[in-house]
Amino acid sequence: MDKEQALKETNEIFVDMFDDEDIVLSYETTAEDVEEWDSLTHIQLVVAIEKHFKVRFTSKEIQSWQNVGEMLDCILTK
Amino acid sequence: MKNFTQLKKNLKKDFDAFKKIRVAVLGDTATQFLVQAIRGYGYEESMDLEIFEAEFNQIERQILDPSSELYEFKPEVVILFQSSHKLLGKYNKKKDGHGTFAADQLEHLNNLLDNLGNQLNAKVICYNFPEIDDAVYGSYANQIGSSFLYQLRSLNIKLMELAEDRNNLFICDMSSIQNRIGKERLFQASIYVNTEMVLSIDALPEVAAKTVSIIGAFQGKMNKCLIIDLDNTMWGGVIGDDGIENIQIGGLGIGKAFTEFQYWFRKLKNRGIILAICSKNTESVALEPFEKHPDMVIRKDDIAVFVANWENKADNIRYIQEILNIGFDSMVFLDDNPFERNIVRENIPGITVPELPEDPAEYLEYLYGLNLFETISYSGADEKRTKQYQVEAQRNQVKKQYVNEEEFLKSLEMISVVEPFNKFNTPRVAQLSQRSNQFNLRTVRYTEADVERMSQSDDFHTFTFTLEDKFGDNGLICVIILKKENEESLFIDTWFMSCRVLKRGMENFVLNTLVEYAREKGFKYLQGEYIPTAKNEMVRDHYRNLGFKEQDGRWILETASYQNNTTFVQANMKIYG
């Protein structure tokens, strides 16, 4: 899978989780850009993304990403 | 079960119509998600749970300080969530006294409950501890009184004993959730390390459901009655077709699954759940196993209301409800047939209809997981309940009130494909010919070779009927073979139908089709015959009911004067020249 495709699929996960059709993610999107994306919902997102892409993140990785792009890179290394 | 994201979406919905219940949650780990899941699950159960969530790790402060937010909030229910991980942490820090760790913990809890009880008249729900095996001693931990595993299990037992003594204490069995879904699903280490939450996202709905069902029971939301279908639910096979010696129960076939199922029913009955039967069968046939089969666990005496007939099940359940006089929302209906489940679900609001797995071997484990019979009290008197209802059932011989049958049939949107025998349906026709016993007018059996022969012959006119409705396709369910007697007359050599589709007006549709066909081919008469067997009593008056006239042991219908019988089945005719 390429990064663009991963972004598209991740976008859908966000839309579903936050119940907000207007969310458009880019590689540069950070938690500050999405309303309701706080440390708690972050965990919910992580679990949903793990499930969708059938990957498991380490606890360190979960804390390390600065933006969506870095998270996608992490998925693609798995 | 809804997942956590779905439960969270419930939070935005309108709770106004629901009863408000004030609930406090105190935990020694992060409980934000659990609180959301509990409130969200409350919506599913029509409860507006107003939740006060104490700050993280404040169990003691909230309970011991009389001026705390907890007491200001005045909850009716207090949920105490002490986690196994924190328990392990406390155990790890101890330098000695590991052998009395559980006893010390219990005393601490008891002390907290005393304090709480002095300030509040609230019910307390306390989670027990899912096991963590720290693997320090291996299995030998079972023999070391001071091992963590030993102490944790001991604490769970002590909690049960404490709850037996304290009227206001109820244990929510988190440990049994872990047993069922597995530790890997209950707990996700990466989340715990990042957030101090010990429950994984997947486990939240499970824990919320179990918790809310106890709160529901406080409000009187409890299932009191279990209504059970017979064929392929109470036993394997179809009693009307297979006969008492061939139904699967006990040693025969997959009978073990049904035997265990029946033991479960009996335990429920002994604890006060009312058992009722709702089955599409002839009553005398349906009763036989209960009276005569040596391997049946459930006997007639165990059943409060026994309904076996050919009416629709929604009406029969209404009848059962009239006798028992309890709410539909306290009834559970078990049936292997998805069609019947849907009918009941659509027509009886509030009733619980579990979507049973296809394989009867899985019924029990599946139902265990649904936790259908939560309660908050038990008394020996519950056992006598069945007897009272049996008496009531005898008294109550009122004529049953049916829903408007026509409306019901119309709503099904039934479609039947009518086809002559062909190479695709030949195996099914032969199979049904071997198996149909009840709705079978002459019970002449045909093999595949016979079927093929008749489909080639000019003397035979063959028909197969399927029945599909908005709930699904029943497949090929009726077979007719007409034999040319002479230039004027067609003899109905074969008419059999699957009992699954009784009471749907299928007979009328079939006859309309036959008459139309006969007229087109220039035949003046249809002739039918009923040959009685031990099993086909139900169709004795079949031809009379359809308007045939008796003459010399046969039933005659004049095609010219025939008026179509009412039917709500739509035809989809194929390949009739």
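Using the Karplus equation 6.51 cos²θ - 1.76 cosθ + 1.60 (θ = phi - 60°), what ³J(HN,Hα) coupling, rounded to whole Hz, does each residue of the stretch B:499-506 give in order, writing x for Gly and Pro?
3J(HN,Hα) across the stretch B:499-506, in whole Hz: 5, 4, 10, 4, 6, 10, x, 5.
FRET efficiency for B:Asp202 and B:Glu413, Cβ-Cβ distance as r, R0 = 25 Å, nearest 0.05?
Efficiency for this residue pair is about 0.05.
Using alpha carbon centroids, what distance separates the stretch B:131-185 and the stretch A:42-70, in Å?
Centre-to-centre distance over Cα atoms comes out at 32 Å.
Using a Förster distance of 51 Å, how high is the FRET efficiency between B:Lys484 and B:Asn246, based on the Cβ-Cβ distance and rounded to 0.05?
FRET efficiency, B:Lys484 to B:Asn246: 0.85.
Roughly what would the spin-label model give for B:Tyr263 and A:Asp19, points 7 Å off Cα along C-beta, in nm?
Going from the B:Tyr263 label point to the A:Asp19 one covers 4.6 nm.
What FRET efficiency do you get for A:Glu28 and B:Glu365 if R0 is 60 Å and r is their Cβ-Cβ distance, rounded to the nearest 0.05?
Once the sixth-power term is evaluated, E becomes 0.80.
Using only Cα atoms, tell me the angle between helix B:101-119 and the longest principal axis of chain B; keep it within 0 to 90° and round to the nearest 10.
The angle comes out at about 90 degrees.
State the answer as a single residue: which of B:Gln248, B:Ile273, B:Phe258 lies farthest towards the positive end of the charge dipole of the stretch B:225-403, with beta carbon charges of +1 for Lys and Arg and -1 for Asp and Glu, about the Cα centre.
B:Ile273
In nanometres, what is the gap between the two model label sites at A:Glu36 and B:Phe424, each 7 Å from Cα along Cα-to-Cβ?
According to this spin-label approximation, the distance is 4.8 nm.
So for B:Phe258, B:Phe101, fewest C-beta neighbours within 10 Å to most, what's the order?
If I rank by nearby Cβ atoms, fewest first, I get B:Phe101, B:Phe258.
Distance between Cα centroids, the stretch B:109-124 to the stretch B:293-337: provide it in whole Å.
If you average the Cα positions of each part, the centres end up 43 Å apart.
Within the stretch B:273-318, which trypsin sites (Lys or Arg not before Pro) sit in a loop by DSSP and count at most 15 neighbouring Cβ atoms inside 10 Å?
Filter output for the stretch B:273-318: B:Arg299.
Got a sec? Which residues in the stretch A:59-78 would a label at A:Gln5 touch, if it sits 7 Å along Cα→Cβ and we count backbone N under 19 Å?
Once the point is set 7 Å along Cα→Cβ of A:Gln5, A:69-78 turn out to lie under 19 Å by backbone N, inside the stretch A:59-78.
Dipole of the stretch B:4-218, Cα-centred, from +1 at each Lys and Arg C-beta and -1 at each Asp and Glu C-beta, to the nearest 20 debye?
I would put it at about 320 debye.
Defining a contact as two alpha carbons under 8 Å apart and six or more residues distant in sequence, what relative contact order in percent does chain B show?
9
Would you kindly state how much longer the chain becomes between B:Thr447 and B:Glu346 on full extension, computed as 0.36 nm times their sequence separation minus their alpha carbon distance, in nm to one decimal?
32.4 nm
To the nearest 20 debye, what is the magnitude of the charge dipole of the protein assembly as shown about its Cα centre, counting +1 on the Cβ of each Lys and Arg and -1 on the Cβ of each Asp and Glu?
In debye, rounded to 20, the protein assembly as shown gives about 1900.
Give me B:Thr31, B:Thr100 sorted ascending by neighbouring Cβ count inside 10 Å, so fewest comes first.
Ranked by crowding around the Cβ, least crowded first: B:Thr100, B:Thr31.
Of A:Lys51/B:Lys2; B:Lys224/B:Lys470; B:Lys2/B:Lys210, which ones are farther than 21 Å apart at the Cα?
Beyond 21 Å between Cα atoms: B:Lys224/B:Lys470.
With point charges of +1 on the Cβ of Lys and Arg and -1 on the Cβ of Asp and Glu, referenced to the Cα centre of chain B, which listed residue (B:Thr443, B:Pro349, B:Ser146) lies farthest in the positive direction of the dipole?
B:Ser146
Give the aspartates and glutamates whose C-alpha is closer than 15 Å to that of B:Lys12, dropping any in the same chain fewer than 8 places away, or say none.
Those aspartates and glutamates meeting the cut-off are A:Asp16, A:Asp19, A:Asp20, A:Glu36, B:Glu44, B:Asp48, B:Glu50.
If we count other beta carbons within 10 Å of each Cβ, what is the order of B:Tyr140, B:Tyr263, fewest first?
Ascending number of Cβ neighbours within 10 Å: B:Tyr140, B:Tyr263.
In deg cm²/dmol, rounded to 500, what helix-only [θ] at 222 nm does chain B give when every DSSP H run of at least 4 residues adds -39500 (n - 2.57) and the total is split over its residues?
Helix contribution divided over all residues of chain B: -11500 deg cm²/dmol.
Any idea what the relative contact order of chain A is, in percent, if you count C-alpha pairs under 8 Å spaced at least 6 apart?
Relative contact order here is 40 percent.
Just so you know, all these numbers are worked out from the coordinates, no wet-lab data involved. The shown structure was predicted, so the numbers you read here are calculated from the model rather than taken from an experiment. No Cβ is skipped: glycine too gets one built from the backbone with ideal geometry, and neighbour counts run over all protein chains shown.
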